[in-house]
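For reference, the structure is listed below as structure tokens.
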Amino acid sequence: MTATASIVVPALGAEVAARVHGTILSIAVKMARESGATPWTVLGQFGRLWSHIWVGGAVGVYKLGPKEARLEVVGWPCAKFTYCRNGILGVTQGLIQLFCRKVYVHEVPRLCTPTALGYRIAWA
């Protein structure tokens, strides 16, 4: 895969998140922001969100610092596909960015296997 292709796929995931955000979700996001929601609020819901979207796999979120987390997905056969790995990265980035000024999401290679994903997330 070329460097350009690996950049485009996360951008597609972020675009999907932006389109979803543009619908009814925008009302929920606005209300959440006004009530003091943070990226931690969203990250706390990832497991529930995952179970509504996918059959199989599980999600864990680990606090690494006040504005830093690790997201792990295990038992998910689609993890072997670059498209899926980058898509989840982009969607994660898009969702977290709704609740902060800037977000950085990076794959953690040692956590990535054909059935698992790992991302380090930081925001400002």
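The values are calculated or read from the model by the stated rules, or taken from the named source; none is laboratory data. As the structure is a computational prediction, the values presented were derived from the model and not from experiment. Using ideal geometry, Cβ is built from the backbone for each residue, glycine included, and neighbour counts are taken over all protein chains shown.
Quick notes on this one:
- In the stretch 72-98, residue farthest from R120 (Cα to Cα) [restricted to those that are touching a residue at least 40 places away in the same chain (Cβ under 8 Å) and aliphatic (A, V, I, L, M)]: L98
- Scanning the stretch 96-120 for residues that are among the hydrophobic types (A, V, I, L, M, F, W, C) and part of a loop (DSSP other than H, G, I, E, B) yields L98, F99, C100, V108, C112.
- Only residues that are free of Cβ contacts under 8 Å to residues at least 12 places away in the same chain and in contact with a helix residue (DSSP H, G or I) (Cβ under 6 Å, 6 or more places away or on another chain) were counted across the stretch 99-110, and they come to 0.
- Verdict on R110 being over 14 Å from the mean Cα position of the chain (by Cα) and within 18 Å of E15 (Cα to Cα): no
- Single residue of V103, V108, V74, V91 found to be modelled with pLDDT of 95 or more, buried (at least 19 other Cβ atoms within 10 Å of the Cβ) and aliphatic (A, V, I, L, M): V103
- Qualifying residue in the stretch 74-95 (condition: closer than 18 Å to R33 by Cβ and not in a helix (DSSP H, G or I)): no
- The stretch 6-54 holds helices (runs of 4 or more DSSP H) entirely within its bounds, and those carrying 2 or more residues that are more than 22 Å from T115 (Cα to Cα), at pLDDT below 65 and of a type in the set (A, V, I, L, M, F, W, C) map to 25-34.
- Odd one out for R85, checked against (1) modelled with pLDDT under 90; (2) of a type in the set (D, E, K, R); (3) surrounded by 16 or more Cβ atoms within 10 Å (Cβ to Cβ): (1)
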